[in-house]
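In what follows, a structure is listed as structure tokens, so that the remarks can point back to it.
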Amino acid sequence: MSKGRLVSRSITHSLHLTQLFSPKTSPPNPFHTFHRPLTTPSPNTLEGLIDPDFNPPGPNPRTEPDLAEELALLRDSLVDNTAECSSSESGKCSNDALLVWNVIKNSNDGFGGKTQVLLRQFRKKLNESLVVDVLKLVQNNNAELGVKFFLWAGRQIGYSHTAPAYDALLDALGCNREDGKVPERFLREIRDDDEMVLRKLLNLLIRKCCRNGSWSLALEELERLKQFGYKPSRATYSALVYVFLKAGRLDTAHVVHRDMSDSGFPMDHRMLGCFVHSLCRAGKWREALDLIENEEFVPDTIIYTQMISGLCEASLFEEAMDFLTRMRSSSCVPNVVTYRILLCSCLNKKKLGRCKRLLSMMLIEGCYPSPKIFNSLVHAYCKTGDYSYAYKLLNKMVNCGYQPGYVVYNILIGGICGNEELPGEGVLELAENAYAEMLDAGIVLNKVNVSNFARCLCGAGKFDKAYKVIREMMSKGFIPDCNTYSKVIGFLCNASKVEHAVRLFDEMKKNGIVPDVYTYTILIDNFCKAGIIQQARSWFDEMVRDGCSPNVVTYTALIHAYLKARKISDANELFEMMLSEGCAPNVVTYTALIDGHCKAGHIEKACQIYAKMRGSGEISVVDMYFRIESNAQEPNVVTYGALVDGLCKAHKVEDAHDLLAAMSVEGCEPNHIVYDALIDGFCKEGKLDQAQGVFTKMSERGYNPNVYTYSSLIDRLFKDKRLDLALKVLSKMLENSCSPNVILYTVMIDGLCKAGKTDEAYKLMLMMEEKGIRPNVVTYTAMIDGYGKTGKVKKSLELLKQMGIKGCAPNFVTYRVLINHCCASGFLDEAHELLEEMKQTYWPRNMVSYRKVIQGFNKDFIINLGLLNEINENESVPVTPVYRILIESFCKAGRLEVALELHREILSSSSFMSADRNIYSSLIESLSLSCKVDKAFELFGDMIRRGGVPDLSVFFYLIKGLIMVNRWDEALQLSDSVCNMVR
């Protein structure tokens, strides 16, 4: 190598180091002094944790201007093993190499004069590539000829061997075999020809063994080199030291180093760095300091950084931080590499508190982590639930000059929304803020995060935003697949936002994405649960038509819905279709059959299906369900739960209790639902002792009572007016850290109101609001009814206003209750106004709507209002009772004009299908006593035309009215007619 090239390389290297360790710079290639990666990879290492620009240490020695030959050999020897033949990267040798090999092989004179004469023609073509290619051809044939060719080539004018040629010769001599031992005879032959060539070859052989990690073989070759009387070069010693340091054999490395020093090769800066790094990695940082002192080196930023790296690899973080302080006190400024090593090590070891401190120190000193380290930090803090700091890291990235991208946004939003448990309101807000930022940057969420983000938004009640997320992602070029659509549709359905789900389903089909059985089944199941069976069946027919085969879940959902709606023939028809399509029913199907028949009031048939499942039934009525034999017919805990609940609701609690014993025989452990159903059933029957027995058994089985368990007991105690005991149960509930929900609070408020303790009930309602539980329409209605029964109607009216202010809309039952109490207390104008308000705000048009209005109310409460029979018997909207009480009240108050107006209004309603005898009787009585007999007879005729059957009191008041206006003849005629009718 020329002196000019050496000077040029030295200057370049110096400039590189100056730029590398500038404290305010974040260079693309930190430093090349370490001999191994920063940390040993582990299964827990995060992808992207280590900066790709951070190169692990490699054996690149510093240049020495006075050792040109050694440096040339060192430079060449460290060429990557993969570049063995520059001209044959494709695996093929050149034509000249093949010609040379043919000459050597076919001359048959053992590389004698004839061969050498023939090879003269290739002298001018000799170069590194040709020699390497020929030696590669020799490798698997005749090593002896390879040695002779190598020696011949080296003697040719204009050509000298390079490191790749020496490597090729070593491979030809078998260095790449398992033993890696070069035969002694070849070495002696080379020595006899050219001792300098042998010295270079042996030095390169040792370094080759070191590169291959064969340090034991390297030692053997070192000994052989000395036996031949040669002195190892500095590069050879360096390679040996590095390989032993890398292997963790510090003692051997020290021995080689002493031999190296004795040979006149002092330790250089790079070797010192590797030594102290290895010592610190072994926890011997004091020895590292001693070594620096003995070698009379002044530690610089590179040395300190290598020591810190070793301490971090040894998990000696306190010592590493001490060295950070030590280097500051030595006027060595930590650079970006120093901080990145500390930060990455703490991150790998999950020392996240220390990471915050280090990151703060880095940013203050203008040293910035790479974007990938930021990504890993965000991921780590999301894993620990510190979402607030993870979000702050995005701002820190911006401050460092990096624009957060696709990866980090998805890491943050995925970390917040990817857990099974829904995030809190504040945490979800962070995800929403991050989403808004990434949307502005034109970045999209991945498929998984679209689904998870939408699920969390739905869980927080932000259904419109969840739907909007899908649309926004699509506007950015993201097309959800069927799985993504299905998941979001499922989230919307579970949140009762079915209209949004249907819109998304329609959009899915418009985008050309074919719904699968999972998507259809989600919609069918949810519409069945909502009682909208016609639409569910329409989708079922659509999927069958389009070639999407329903599965057992699809069939089961529809069959269950038909049974609950008492459409037994439709359910049986669908079951037959299921069997004909080869879809075998499973235990869920049979459980749905039992539950459906229970809810349809066919408790006997449900019991027969259960008996057949157990193999103890010989009932032909349910044989149609068991034509296919299946192991899935054995009842499980859900089956028992459905039957126990059905029996309890059918007032067969004792039979339900007997199922507990049957479950034990079958080895089926009752769950919380079974126990709760039994406790509730006994409480509804007023059998508190039996309920207490089940409660005790449930506790013995290790099931803690929940809010529903306590609700059943407290509700019964309030009904029995055992308030003291109810409060004791409530106290026990609170001791067990079971917080009451809105249902239980409503039960207690209703119970206190029925006991006449309205003030206590109101205080309880205020307390539940303080606890963060908002009273619902049932709570307010119970409170309004309680005040009304104690004559505090004005207080009831005030509560109605409170409902509106607090965003709780009254429903039909609320108005009905309040109108009754207003009429009973003489507040007729207020009652009339309530009727008008009720019609404007909520006026059910059909029976289904009316059922929705009263859902959630306690059954006994509905019975007390007299609505249950009306619901069962009257298929029109039961508004008649409201008009009846208003008309009767206005009649009693003598305000016949208003009463007649209300009557005309109800007659004009399509819901008034037949005559209401009570309304007509009240009006006829009032008109007759007010001497308005003609109007009374007009109403009597209308009543008859509408199919009404008058009772005797109507005739009595008509006769009395005729007498009061002196129409005696008509009165006598009507009297005779009544007598004849009675006879």
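The values are calculated or read from the model by the stated rules, or taken from the named source; none is laboratory data. Treat the numbers as computed from the prediction; the structure is a model and nothing was measured. Positions of Cβ are backbone-derived with ideal geometry, glycine not excepted, and every protein chain shown enters the neighbour counts. Note: areas computed on protein heavy atoms with side chains; ligands, DNA, RNA excluded. Shrake-Rupley method; radii C 1.70, N 1.55, O 1.52, S 1.80 Å.
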Query - Residue in segment 327-362 that is farthest from ASN399 (Cα to Cα), counting only those that are in contact (Cβ under 8 Å) with a residue 40 or more places away in the chain and in a loop (DSSP other than H, G, I, E, B) - result: VAL333
Query raised in the report: Where in segment 659-721 are there helices (runs of 4 or more DSSP H), lying fully within it, with 3 or more residues that are within 17 Å of PRO740 (Cβ to Cβ)?
Result: 672-684, 707-719
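Conditions tested, residue by residue: (1) on the phi > 0 side of the Ramachandran plot; (2) hydroxyl-bearing (Ser, Thr, Tyr); (3) surrounded by 23 or more Cβ atoms within 10 Å (Cβ to Cβ).
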{"site": "LYS181", "(1), (2), (3)": "no, no, no"}
{"site": "LEU198", "(1), (2), (3)": "no, no, no"}
{"site": "ARG207", "(1), (2), (3)": "no, no, yes"}
{"site": "ALA235", "(1), (2), (3)": "no, no, yes"}
{"site": "SER238", "(1), (2), (3)": "no, yes, yes"}
{"site": "VAL241", "(1), (2), (3)": "no, no, yes"}
{"site": "HIS254", "(1), (2), (3)": "no, no, no"}
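What about LEU752, is it open to solvent by 20 Å² or more (accessible area, probe 1.4 Å), among the aliphatic types (A, V, I, L, M) and part of a helix (DSSP H, G or I)?
Considered against the rule, which asks whether it is open to solvent by 20 Å² or more (accessible area, probe 1.4 Å), among the aliphatic types (A, V, I, L, M) and part of a helix (DSSP H, G or I), LEU752 comes out as yes.
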Report task. Kindly list the number of the only condition in (1) under 49 Å from the mean Cα position of the chain (by Cα); (2) surrounded by fewer than 17 Cβ atoms within 10 Å (Cβ to Cβ) that fails for LEU279. Result -> (2)
Report task. Among the residues of segment 93-108, write down those that are surrounded by 12 or more Cβ atoms within 10 Å (Cβ to Cβ) and outside any helix (DSSP H, G or I). Result -> CYS93, SER94, SER107
Query raised in the report: Conditions: (1) part of a helix (DSSP H, G or I); (2) open to solvent by less than 70 Å² (accessible area, probe 1.4 Å). PRO740 meets all but one. Number of the miss?
Result: (1)
Query raised in the report: Does MET783 qualify as being of a type outside the set (S, T, N, Q), modelled with pLDDT under 90 and in the same structural domain as ALA824 (by the TED database)?
Result: no
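Answer yes if at least one residue in segment 524-531 is more than 32 Å from the chain's Cα centre (by Cα) and either surrounded by 22 or more Cβ atoms within 10 Å (Cβ to Cβ) or not in a loop (DSSP other than H, G, I, E, B) (or both), and no otherwise.
No, the conditions are met nowhere in segment 524-531.
Rundown of residues vs (1) farther than 20 Å from TYR780 by Cα; (2) in a helix (DSSP H, G or I); (3) modelled with pLDDT under 80, yes/no style:
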residue	(1), (2), (3)
HIS832	yes, yes, no
ARG845	yes, no, yes
ARG884	yes, yes, yes
GLY894	yes, no, yes
SER909	yes, no, yes
ASN918	yes, yes, yes
GLY941	yes, yes, no
Report task. Among the residues of segment 508-521, write down those that are without any contact (Cβ under 8 Å) to a residue 12 or more places away in the chain and either in a helix (DSSP H, G or I) or hydrophobic (A, V, I, L, M, F, W, C) (or both). Result -> LYS509, LYS510
Requested in this report: Kindly indicate whether any position in segment 298-318 is within 15 Å of ARG354 (Cβ to Cβ), assigned to a loop (DSSP other than H, G, I, E, B) and at pLDDT 85 or above.
Outcome: yes
Query raised in the report: Which residues, counting only those in segment 498-518, are surrounded by 16 or more Cβ atoms within 10 Å (Cβ to Cβ) and more than 30 Å from CYS583 (Cβ to Cβ)?
Result: HIS500
Requested in this report: Pull up segment 136-159, narrow it to residues that are part of a helix (DSSP H, G or I) and under 60 Å from the mean Cα position of the chain (by Cα), then point me to the one that is nearest to GLU189 (Cα to Cα).
Outcome: GLN139
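Go through segment 788-797 and count every residue that is among the hydroxyl-bearing types (Ser, Thr, Tyr) and either within 14 Å of ARG816 (Cα to Cα) or buried (at least 24 other Cβ atoms within 10 Å of the Cβ) (or both).
Here the count works out to 1.
With respect to MET321, is the statement that it is open to solvent by 10 Å² or more (accessible area, probe 1.4 Å), part of a helix (DSSP H, G or I), within 30 Å of ALA434 (Cβ to Cβ) and aliphatic (A, V, I, L, M) true?
no
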Query raised in the report: Counting only residues that are open to solvent by less than 40 Å² (accessible area, probe 1.4 Å), within 19 Å of ASP720 (Cα to Cα) and either not hydroxyl-bearing (Ser, Thr, Tyr) or not assigned by the TED database to the domain that holds MET803 (or both), how many does segment 756-780 have?
Result: 1
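Can you name every residue in segment 324-349 that is out of contact with any Ser or Thr (no Cβ under 8 Å at 6 or more places or on another chain) and open to solvent by 10 Å² or more (accessible area, probe 1.4 Å)?
Pass one, segment 324-349, residues out of contact with any Ser or Thr (no Cβ under 8 Å at 6 or more places or on another chain): 325-326, 328-331, 339, 342-343, 346.
Residues satisfying the conditions are THR325, ARG326, ARG328, SER329, SER330, SER331.
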